[in-house]
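Here's the structure we're looking at; comments come further down.
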């Protein structure tokens, strides 16, 4: 039964991706908030269809920690789920992502309309300068920036060295960092076709102030918080 439900969900997600991409391209002349609103509706469809078809719900703690002004989101990256759900939890946002994603049919075309910061990971210092320049432009315009410091999806219980791009952006712009921990990978795993029913736990941490702080210090503080938050989620799940 899980296979059938997951199959129906996957087909619906594929069709909705094509439709959303076409709508976004048609909306390209419109203001960013309109385009972001279209993307939010698409994200809502994916998250809700996952709940209805596969029994995957979610619970969020720490909503009160979301600041009123623009900020940089540092999120754990275990699944595809958070790329949709974060759009429902936070104000309009753009992502820092690898440029190869922009080449994907429909998904990449639609994503290009949403002003992402698409970088060449092998470009080194040039990529960092791009993140700083374009990230500052987005933040100054009131648009949030979402970063997955691990750079790729990492299975629950595993760790990967964090990149410095997001922390360097925070150091140079002094915008706060809002950390997000979750265990979505336990229900929608990396490259996993089967979606397992249950409730994803999400914790939004207090905003980390970054003015006059070094990137390494910012990364260390947020990483430490992430480790503790994931331990808290694991303890709650096992109790």
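Computed from the coordinates by the stated procedures, all read-outs in this text should not be read as laboratory data. As the structure is a prediction and not an experimental result, all values here were calculated from the model. Here Cβ is always computed from backbone atoms with ideal geometry, including for glycine, and neighbour counts include all displayed protein chains.
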Exercise. Residues 168, 200: which one is under 19 Å from the mean Cα position of the chain (by Cα) and within 25 Å of residue 114 (Cα to Cα)?
Worked result: 168
For this session: Those residues that are part of a strand (DSSP E or B) and within 24 Å of residue 165 (Cβ to Cβ), I need them from the stretch 32-74; list them, please.
Result: 72, 73, 74
Exercise. Taking the stated definitions as given, is residue 128 surrounded by fewer than 19 Cβ atoms within 10 Å (Cβ to Cβ), free of Cβ contacts under 8 Å to residues at least 60 places away in the same chain and either over 17 Å from the mean Cα position of the chain (by Cα) or within 22 Å of residue 31 (Cβ to Cβ) (or both)?
Worked result: yes
Problem set entry | Test result for residue 6, touching a residue at least 12 places away in the same chain (Cβ under 8 Å), part of a helix (DSSP H, G or I) and buried (at least 20 other Cβ atoms within 10 Å of the Cβ) | no
For this session: Could you tell me whether any residue of the stretch 187-200 is surrounded by 18 or more Cβ atoms within 10 Å (Cβ to Cβ) and within 21 Å of residue 66 (Cα to Cα)?
Result: yes
Problem set entry | When residues of the stretch 75-95 are limited to those that are in a helix (DSSP H, G or I) and touching a residue at least 60 places away in the same chain (Cβ under 8 Å), the one farthest from the chain's Cα centre (by Cα) | 89
Exercise. So, in the stretch 30-62, of the ones that are over 20 Å from residue 192 (Cβ atoms) and touching a strand residue (DSSP E or B) at 6+ places or on another chain (Cβ under 6 Å), which residue ends up surrounded by the fewest Cβ atoms within 10 Å (Cβ to Cβ)?
Worked result: 59
For this session: Please work out which residue is nearest to residue 61 (Cα to Cα), limiting yourself to the stretch 99-110 and to residues that are surrounded by fewer than 20 Cβ atoms within 10 Å (Cβ to Cβ) and touching a residue at least 40 places away in the same chain (Cβ under 8 Å).
Result: 107
